[in-house]
Amino acid sequence: MPTTTAPVERKVTAASAATFVASTGLVAALSAVADDPNLLSWMVDWLEPFAIALVPTSITFVSGWAAKHTPRAPGFTEAVRRSRE
């Protein structure tokens, strides 16, 4: 069965790249302040991992939302649908 594939959309590429950069930066920042308990001391202990995880998640959402869709050739969606039947 032949399959038709699309190029990776710019939205996906932008979100992935932003998440990688944000996660790398977040890990670097946390490594730099590992011995400083005052960084998140104002926050309840069980909430800290969720707050830290929100940083790359938020950046992924914003970069995916802001990036434009990759235009597709006319009839592409119909060809994909037919190839999956």
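The values are calculated or read from the model by the stated rules, or taken from the named source; none is laboratory data. What you are looking at is a predicted structure, and each value in this text was computed from that prediction instead of being measured. Here the Cβ is made from the backbone with ideal geometry for all residues, glycine too, and neighbour counts use every protein chain on show.
Please determine, by comparing only the residues of the stretch 21-35 that are over 24 Å from the mean Cα position of the chain (by Cα) and exposed (fewer than 10 other Cβ atoms within 10 Å of the Cβ), which one is nearest to S63 (Cα to Cα).
We begin by selecting, within the stretch 21-35, every residue over 24 Å from the mean Cα position of the chain (by Cα); these are 33-35.
Now drop any that are not exposed (fewer than 10 other Cβ atoms within 10 Å of the Cβ), which leaves 34-35.
Numbers: A34: 28, D35: 32 Å.
The qualifying residue nearest to S63 (Cα to Cα) is A34.
Name every residue in the stretch 65-79 that is in a helix (DSSP H, G or I), closer than 30 Å to A18 by Cα and modelled with pLDDT of 70 or more, in order of residue number. Working first, answer last.
Residues of the stretch 65-79 in a helix (DSSP H, G or I): 65-66, 76-79.
With the extra rule that they be closer than 30 Å to A18 by Cα, the set shrinks to 65-66, 76-77.
Across the stretch 65-79, the qualifying residues are W65, A66.
Search the stretch 43-56 for residues being within 17 Å of V21 (Cα to Cα) and surrounded by 13 or more Cβ atoms within 10 Å (Cβ to Cβ), and hand back the single one that is farthest from the chain's Cα centre (by Cα).
Pass one, the stretch 43-56, residues within 17 Å of V21 (Cα to Cα): 52-56.
If we keep only those that are surrounded by 13 or more Cβ atoms within 10 Å (Cβ to Cβ) as well, we get 52, 55-56.
Working: I52: 15, V55: 10, P56: 7 Å.
Once the filter is applied, the top-ranked residue is I52.
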